[in-house]
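Only one structure is covered here, and it is reproduced in the block below.
The values are calculated or read from the model by the stated rules, or taken from the named source; none is laboratory data. No experiment lies behind these values; they were computed from the predicted model shown. Cβ placement follows ideal geometry from the backbone for every residue including glycine, while neighbour counts extend to all protein chains displayed. Just so you know, the surface numbers come from the protein's heavy atoms only, side chains and all, with ligands and any DNA or RNA stripped out. Shrake-Rupley method; radii C 1.70, N 1.55, O 1.52, S 1.80 Å.
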Amino acid sequence: MKRTLIENATIVNQGRIFIGSVLIEGQKISRIMTGIHHSPFLYDQIIDATGCYLLPGVIDEHVHFRDPGLTKKADITTESRAAAAGGVTSIMDMPNTLPQTTTLEALDEKRKLMDEKSIVNYSCYFGATNTNYNLFKQLDSQHVCGIKLFMGSSTGNMLVDRRDSLRRIFGGTDLIIAAHCEDQDIIKANTERYRQKYGDDIPVQFHAVMRSKEACVNSTRLAIELAQETGARLHVMHVSTSEELLLFHKAPLDKKRITAEACISHLLFSEADYATLGALIKCNPAIKTAQDKQALRQAVHDGLIDTIATDHAPHLLSEKEGGALKATSGMPMIQFSLVSMLELVNEGVFNLETIVEKMCHTPALLYGIRQRGFIREGFQADLVLVRPNSPWTVTSDRILSKCGWSPLEGHEFHWQIERTFVNGCLAYDNGIVNENCRGEELFFDHS
């Protein structure tokens, strides 16, 4: 069994920052030692982490790896490589692929694909439709992270817009219901008004007006009402407005049945960025005002936002051409998610402990992921070593997502991801991805 010592790192874990060393034996963390440590002859490998921060591996609960069926945009291999390079050690993939993950057979096939191809740990959501809620009881709760509910989507048959179906979904599972909340009737009415004015070439800056705050708030309010009526566990994904935040409550995580996620894009960008980035930052829900961005950042501090994820959604650059109607929605963010949040630490927006809490600890606790999300003896050795004060610029040759572009291209960061360990395997090492590393399926203790 290989024994690797990560020596003299600044460890960030469970609200503490301290100098220490972590011993990895095989797949697990076997020992955590505080203080300066020197043992050059006792281990197979010693990594001098002086000056670096050691964090738990990031758990990204919200990704679209496009596999199967949409692999011209991305696939499990390419996007898990990007994840490892970004310090992300576990992902949860969305069901809007081809075929959609809305049958038990499709779910089994997707799990097999991820087992074969993913460099990082993985799980898959089961997608809700208007008619498949009878399958929920047959899902293996130890292997399925949750039910994905599109209350605002035009993806195939995955828009659930019947009130009776929504009630059956909310009342039909003990799994987390991860909801995309936008009111399609409001969006359609707004779109028609702008189409009458601009035709089919609506400028992209009006995307946030068509997919309006009202559309988000109305849908989120409905989801919360249904969850309260049925006692369901609801996780509202990619909250994007200050008004939605008023619908959530501060409480210890173990007291909450209704929780909220913010995405990297809504914490980084505002509508002013459409002027320079255009459709590259077009996503659903839309990027909104600077005031909304600031409110979301404050909500991370205040405990109204429980987790930070990416909604990593690669498209070909050619698919991002056009305005609010033509350009596809979504952007690739997973490779640069952690460094983006660390950059906000430098700016004084967040502290390191908060970033680790929202990107590592809370996803593990919220979903009941076994033995991950913390630096603890006996836990899986999912770890990321990051170095501050190490400037670099995002260039096209650094981008590992298959789509080959990023809205952050040209941006200078001051933190580097040096190494990422997945179950003790060194999956990423100073610019090199270990193609032989394979992640494991996540296991859940839902409660």
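How much of the accessible area of segment 1-149, in percent, comes from carbon and sulfur atoms when a 1.4 Å probe is used?
50
Quick one: of the DSSP bridges fully inside segment 30-161, what percent are antiparallel, nearest 5?
0
From the phi angles alone, apply the Karplus equation (6.51, -1.76, 1.60; θ = phi - 60°) to segment 372-384 and give each ³J(HN,Hα) in whole Hz, x where the residue is Gly or Pro.
9, x, 9, 8, 9, 4, x, 7, 4, 7, 9, 9, 9
Work the Kirkwood hydrodynamic radius out for the chain: mean of 1/r over every pair of different alpha-carbon atoms, inverted, in Å.
22.0
In square angstrom, rounded to the nearest 10, how much accessible surface does Leu222 have for a 1.4 Å probe?
Result for Leu222: roughly 40 Å² accessible.
Pull up the cross-link candidates among the lysines for Lys250, meaning alpha carbon to alpha carbon under 16 Å and not fewer than 8 places away within one chain.
Lys358
Could you give the length gained by full extension between Glu347 and Thr34, i.e. 0.36 nm per residue of separation minus their alpha carbon distance, to one decimal place?
In short, 109.8 nm is gained.
Expressed as an acute angle from 0 to 90° and rounded to the nearest 10, what is the orientation of the C-alpha long axis of helix 184-198 relative to the principal long axis of the chain?
Roughly 70 degrees between the two axes.
Using label points projected 7 Å from each Cα along Cα→Cβ, tell me how many nm separate Asn134 and Lys2, to one decimal.
5.0
I need the GluC sites (Glu not before Pro) found in segment 258-351, filtered to DSSP loop residues with at most 16 other beta carbons within 10 Å of theirs.
Glu321, Glu347
Taking the simple approach of a point 7 Å from Cα along Cα-to-Cβ for both Phe18 and Thr276, what is their distance in nm?
4.2
How about Lys255: which aspartates and glutamates have a C-alpha closer than 19 Å to its C-alpha, ignoring those fewer than 8 places off in the same chain?
Straight-distance partners of Lys255: Asp174, Glu225, Glu229, Asp302, Asp306, Glu357, Asp445.
Tally Lys and Arg at +1 and Asp and Glu at -1 over the other residues with C-beta under 14 Å from the C-beta of Asn218: what net charge comes out?
Charge balance in the 14 Å sphere: -3.
Shape of segment 65-200 from its Cα gyration tensor (a ≥ b ≥ c, root eigenvalues): rounded if a/c is under 1.5, otherwise prolate when a/b > b/c, or oblate?
Oblate is the answer for segment 65-200, as a/c is 1.5 or above yet b/c matches or exceeds a/b.
Of the listed pairs Lys28/Lys110; Lys288/Lys402; Lys188/Lys320, which have alpha-carbon separations greater than 25 Å here?
From the list (Lys28/Lys110; Lys288/Lys402; Lys188/Lys320), the Cα-Cα distance tops 25 Å for Lys28/Lys110; Lys288/Lys402.
If you average the sequence gap of Cα pairs under 8 Å that are 6 or more apart and divide by the length of the chain, what percent do you get for the contact order?
It rounds to 21 percent for the chain.
So, by mean Cβ neighbours within 10 angstrom, what's the order for 383-395, 303-315, 414-426 with the highest one leading?
Put in order of decreasing packing, that is 303-315, 414-426, 383-395.
Using the heavy atoms of the protein chains and a 1.4 angstrom probe, tell me the accessible area per residue for segment 114-248 in square angstrom.
Heavy-atom accessible area per residue stands at 40 Å².
Around Ile417, what is the net charge, scoring Lys/Arg as +1 and Asp/Glu as -1 over all other residues with Cβ under 12 Å from its Cβ?
Net of charged neighbours comes to +1.
Over segment 288-400, what is the mean sequence separation of C-alpha contacts under 8 Å (at least six apart), divided by residue count, expressed as relative contact order in percent?
It rounds to 19 percent for segment 288-400.
So how much slack lies between Gln371 and Arg162, counting 0.36 nm per residue of separation and subtracting their Cα-Cα distance, in nm?
Extending this stretch completely gives an extra 71.4 nm.
If you find the alpha carbon centre of segment 1-50 and of segment 381-447, how far apart are they in angstrom?
Here the two parts' Cα centres lie 20 Å apart.
Excluding Ala290 itself, calculate the net charge of residues whose Cβ lies under 11 Å from the Cβ of Ala290, where each Lys or Arg counts +1 and each Asp or Glu counts -1.
Within the 11 Å Cβ shell, the charges total 0.
Rolling a 1.4 angstrom probe over the protein chains, ignoring ligands and nucleic acids, what is the accessible area of Ser123 in square angstrom, nearest 10?
Accessible surface of Ser123 is approximately 0 Å².
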